[in-house]
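Only one structure is covered here, and it is reproduced in the block below.
Quick note: the coordinates plus some simple rules give every number you see, no bench work behind them. Everything numeric here is computed off the predicted structure, so don't read it as measured data. Positions of Cβ are backbone-derived with ideal geometry, glycine not excepted, and every protein chain shown enters the neighbour counts.
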Amino acid sequence: MINEIISMNGYGTYVWSAFAFTLISFATLYFVTKLQLSKEQKRFVSKFGSLDVEKAKAARLQNINREILSNTSKI
Amino acid sequence: MFKYFKPNKIFAITSRAPKYVLFLFIIVLTIGLTEALILSPEDYKQSDAVRIMYVHVPAAWISLGIFSSLALLSVGSFVFKNKNFSLIAKSLAPSGFIFNVIALVTGSIWGKPTWGTWWAWDARITSMLILALFYGMYLLAWRIYQDKEQAIKITSMIAILGAINVPIIKFSVDWWNTLHQPQSINILSNNSIHASMLIPLGIMTAAFALFSLLIFLMKYNTELIKVKNKGLDRL
């Protein structure tokens, strides 16, 4: 049974390489995108941390900024 | 109507959704792979080589769907002057490009055992390659042009021009004599593909669509945070 699945009637090399290429492409795109997201989140936190009290207060008034900060605390 | 499209309104959803979409994607992909590689029958002519269809066809469909969306969003961004449309389009493009590359590479792998060649300059393959070039130009233009207004104009033009190629890809098998078979699946009439193959194809298409949604959400969040980073600089 296992041998049949691996050999795929002699087409195993083609079938498995097509599926492997697809899954490797998925994994690469996912990790690159995740890395970019986490880089931007870290940059945001570092910029937010360098704001003075008044500016930080003004920035916190925006929902989206609060949302980014709350999400970043989980990474 | 467009007030619901404002980033401030949708970020709360887009920032939380990826983990649920990832979970769903893994489940659907696992079912799809089991169906495609083990449970579905082999083809009477192509034998097990037909299983490549379960990655090749959904990848081609989704790359075409995403490019059509890019073109529509670009028209929307021109007509309604809504920058969020171009942000959505920019976030959709990377997964569309990857699906295009997957369709070309898996098609090439499938071509060797069925046609005896890795590559042929037939109408469908060539028009898919042209689509990949449009995707490449679209993504490059976002990187090259630093001025946002100019980047939106150029990328929108590329997407709208590239959209001319979409019907050419779709009808290439009818308009020209190509190595590709005519379409087997038609939502308006009877399909010439058996349910035992149509079901795994549908599941794999759903898995691929979920993956593109996942990448879109992550990319869109990245773009929004970039905008907010610039906003902090201006404070």
- Classified through the alpha carbon gyration tensor (a ≥ b ≥ c as square roots of its eigenvalues; rounded if a/c is under 1.5, else prolate when a/b is larger than b/c, else oblate), the range B:1-118 comes out oblate
- Message: Using all alpha carbons of the range A:2-72, what is the percent of pairwise distances in each 10 Å bin, ordered from the shortest bin to the longest?
- Response: 16, 27, 16, 13, 13, 10, 4, 0
- So between B:Thr126 and B:Thr34, what do we pick up on full extension, going 0.36 nm a residue minus the alpha carbon distance? 29.9 nm
- Write down Rg/Rh for the protein assembly as shown, rounded to two decimals, with Rg from the C-alpha atoms and Rh from the Kirkwood relation over Cα pairs. 1.03
- Query: Size of the dipole of the protein assembly as shown about the Cα centre, Lys and Arg at +1 and Asp and Glu at -1 on the beta carbon, nothing else charged, in debye to 20?
  - Reply: 1880 debye
- Task: Calculate the spin-label point distance for B:Gln150 paired with A:Asn9, positioning each point 7 Å from the Cα along the beta-carbon direction, and give it in nanometres.
- Result: 5.7 nm
- Return the distance in nm (one decimal) between the two label points of a simple spin-label model at A:Gln62 and B:Arg16, each offset 7 Å from Cα along Cα→Cβ. 2.1 nm
- Query: Quick one: putting +1 on the C-beta of Lys and Arg, -1 on the C-beta of Asp and Glu, what dipole do you get for chain B around its Cα centre, in Debye to the nearest 20?
  - Reply: 1280 debye
- B:Lys170-B:Phe23 pseudo-label distance in nm [points 7 Å out on the Cα-to-Cβ vector]: 3.7 nm
- Query: How much length is gained on full extension from B:His194 to B:Lys226, taking 0.36 nm per residue of separation minus their Cα-Cα distance?
  - Reply: 6.8 nm
- Message: Taking the Cα centre as origin and putting +1 on Lys and Arg beta-carbons and -1 on Asp and Glu beta-carbons, what dipole magnitude results for the range B:1-141, to the nearest 20 debye?
- Response: 920 debye
- Item | Relative contact order of chain B, pairs being alpha-carbon contacts under 8 Å that are 6 or more residues apart, as % | 34 percent
- Query: When the chain is fully extended, how far beyond the present Cα-Cα distance does B:Leu72 get from B:Thr117, taking 0.36 nm per residue of separation?
  - Reply: 12.6 nm
- Task: Find which of A:Leu51, A:Tyr14, A:Asn3 sits farthest along the positive direction of the dipole of the range A:2-72, computed with +1 on the beta-carbon of Lys and Arg, -1 on that of Asp and Glu, about the Cα centre.
- Result: A:Leu51
- What FRET efficiency would be calculated for the residue pair B:Gln46, B:Leu133, taking the C-beta separation as r and a Förster radius of 30 Å, to the nearest 0.05? 0.55
